[in-house]
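Bear in mind that the values in this text are calculations on the coordinates, not laboratory data. These numbers were taken from a predicted model, which means no experiment stands behind them. Methodologically, a virtual Cβ is constructed for each residue, glycine included, from the backbone with ideal geometry; neighbour enumeration extends over all protein chains shown.
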Amino acid sequence: MLCDDYLPNSSRVGAKMLHQLARELVFQGHKVTVVTPGSIVEPISSIPEIIDGVELWRFKSQPIKDLGKFRRAINESLMPFYAWQFIKRRVKAETFDGIIYYSPSIFFGPVVAKLKKLCNCRSFLVLRDFFPQWAVDINLIKKGSLVEQYFRHFETISYRNADMIGVMSPRNLEIFNQMTGYCYNTSVLRNWASLTSHIVHKDAVNIRKNLGLKDEIIFFYGGNIGHAQDMKNLMRLVKRMQKFKKAHFLFVGQGDEVKLINELAARWNLSNYSYLPSVTQHEYGDILTQIDIGLFSLSAKHTSHNFPGKLLGYMVESLPILGSINQDNDLIDLIHRYEAGYISINGDDELFFDNAVKLYNSAELRTKVGLNSNNLLNEQFDVSNTASTITKSLVKS
């Protein structure tokens, strides 16, 4: 498995998902090696780490998270070079029988090409967002610019070296195939999660005590706080909900729009809002057991149709989902079909607000919808099904 982020040093949902997948593959009888960046300044051990039976190879690389856009682009572009220098000394023709690589990042294509040639094996690309397309959609990258062409070059290398590309929804599959001219083998591979609820220990973080929240109804947003999420959309909801004395919004995470949300909270004098920087995966799990409603947002400018990984954590803990998404996203049909939450189109602030009030006002409704969200998880997002789907694709016909 090739990925740019992994446990135990990451607090991101993607890293947790990848470890759950790796652990499930081990459970199903496979030997799994995860290849992922480590710090350029820290010594890299020649003895692989073992986490839950998963062997971990960390190669030295420059940081690629929580940086300015230019520096991140440079460091991430160099990542496959560092990876191959590390891998080539350890890999022989019989070392690997299959390759799973995860995007983002889009830069692992050259490494996959060399590994496939050396080991004569198949590969599966787990494609979770269409970069650079989404960045073009929200005007982070100028359409037709040299920057877009640069990223498109590596995007193409990544796609060409996949024997199968798994996107996260039927609508995304349709968009991807139209965008690429139906020239790749593709399938729907939904996000995944372990179905086991978080175990709370006696020393668990007590978020209500720490923030002085007693019987408040907590709307929780956890994860990346960036342009793709359109955090101002959420902050408008926070502002409108101030009239409800027991409503409180807690945002936990990191990203490009942390400064924005805190500035808006100060400018609007929001007393019903708290922000915390990233926490460990275990602390995140503790928090999920103490909140009432899981919150998410997607930019209205998206043309692709993401299923945010944070929803999986909400479903595991049987939380009702409240969200605002881009037009025509098939996530809205899925959530509403299972009655697992209330989703509106980004820009329809009135419906977003009405949905929030509906969940705020009824504990019975929150419980009912939360149980439905857990049922959706069990039926559509079981990691064991994901692992089986991928390994079947890696077997040569």
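Pull out a ≥ b ≥ c, the square roots of the eigenvalues of the alpha-carbon gyration tensor of segment 28-187, then state rounded if a/c is under 1.5, prolate if not and a/b is larger than b/c, and oblate in the remaining case.
oblate
Given Cα pairs under 8 Å that are at least 6 residues apart, what percent is the relative contact order of the chain?
Values: 709 pairs, mean separation 60.8, N = 397.
It comes to 15 percent, rounded to a whole number.
So for segment 49-148: antiparallel DSSP bridges make up what percent, rounded to the nearest 5?
Antiparallel bridges make up about 35 percent of those DSSP assigns within segment 49-148.
Relative contact order for segment 207-380 using alpha-carbon pairs under 8 Å, separation at least 6, rounded to a whole percent?
22 percent
Taking the Cα centre of the chain as the origin and placing charges on Cβ (Lys, Arg +1; Asp, Glu -1), which of Ser297, Tyr150, Ser187 is farthest toward the positive end of the dipole?
It is Tyr150, whose Cα lies furthest towards the positive end.
Calculate the radius of gyration of the Cα atoms of segment 174-213 to one decimal place, then report Dmax, the largest Cα-Cα distance, as a whole number, both in Å.
Expressed in Å, the Cα Rg and Dmax of segment 174-213 come to 21.4, 55.
Using the Cα centre as the reference, give the magnitude of the dipole from point charges on the C-beta atoms of the chain (Lys, Arg: +1; Asp, Glu: -1; all else neutral), rounded to the nearest 20 debye.
Magnitude of the dipole: close to 860 debye.
Which value, in debye to the nearest 20, gives the size of the charge dipole of segment 127-229 about its Cα centre, when Lys and Arg are +1 and Asp and Glu are -1 at the Cβ?
Values: 11 positive and 9 negative charges, 34 e Å.
I would put it at about 160 debye.
Taking Cα atoms, how many degrees apart are the long axis of helix 109-119 and the longest axis of the chain, rounded to 10 and kept between 0 and 90?
The answer is roughly 50 degrees.
What pairs from Lys301/Lys358; Lys243/Lys358; Lys142/Lys310; Lys209/Lys243 go past 25 Å between their alpha carbons?
The answer is Lys301/Lys358; Lys142/Lys310.
Arrange the following residues from fewest to most other Cβ atoms within 10 Å of their Cβ: Thr156, Thr196.
Neighbour counts put them in this order, fewest first: Thr196, Thr156.
Put +1 on the Cβ of each Lys and Arg and -1 on the Cβ of each Asp and Glu in the chain; which of Pro37, Val383, Phe352 then has its Cα farthest toward the positive end of the dipole?
Pro37
So what's the chain giving for Cα Rg divided by 2.2 N^0.38 Å, two decimals? Intermediate results must be reported in sequence, preceding the final value.
Details: Rg = 21.0 Å, N = 397, 2.2 N^0.38 = 21.4 Å.
With N residues counted in the chain, Rg over 2.2 N^0.38 Å equals 0.98.
Which value, to two decimals, describes the C-alpha radius of gyration of segment 126-244 once divided by 2.2 N^0.38 Å? Write out the running numbers ahead of the final one.
Numbers: Rg = 20.3 Å, N = 119, 2.2 N^0.38 = 13.5 Å.
The reported ratio for this selection is 1.50.
Treating the beta-carbon of each Lys and Arg as +1 and of each Asp and Glu as -1, no other charges, what is the dipole magnitude of segment 207-380 about its Cα centre, to the nearest 20 debye?
Details: 18 positive and 20 negative charges, 139 e Å.
In debye, rounded to 20, segment 207-380 gives about 660.
Go through Ala228, Pro277, Ile217 and say which Cα lies farthest out towards the positive end of the charge dipole of segment 213-287; charges sit on Cβ, +1 for Lys and Arg, -1 for Asp and Glu.
Farthest towards the positive pole: Ile217.
Just to confirm the number: angle between the C-alpha axis of helix 170-180 and the first principal axis of the chain, 0 to 90 degrees, nearest 10?
Approximately 50 degrees, to the nearest 10.
Where in the chain lies the longest segment free of chymotrypsin sites (Phe, Trp or Tyr not before Pro) that are both loop residues by DSSP (not H, G, I, E, B) and have at most 14 other Cβ atoms within 10 Å?
1-181
Could you tell me what a quarter of the Cα convex hull surface of segment 207-380 works out to, in nm² with one decimal place? Working shown, then result.
On the way: hull surface 36.7 nm².
Orientation-averaged projected area of the Cα hull: 9.2 nm².
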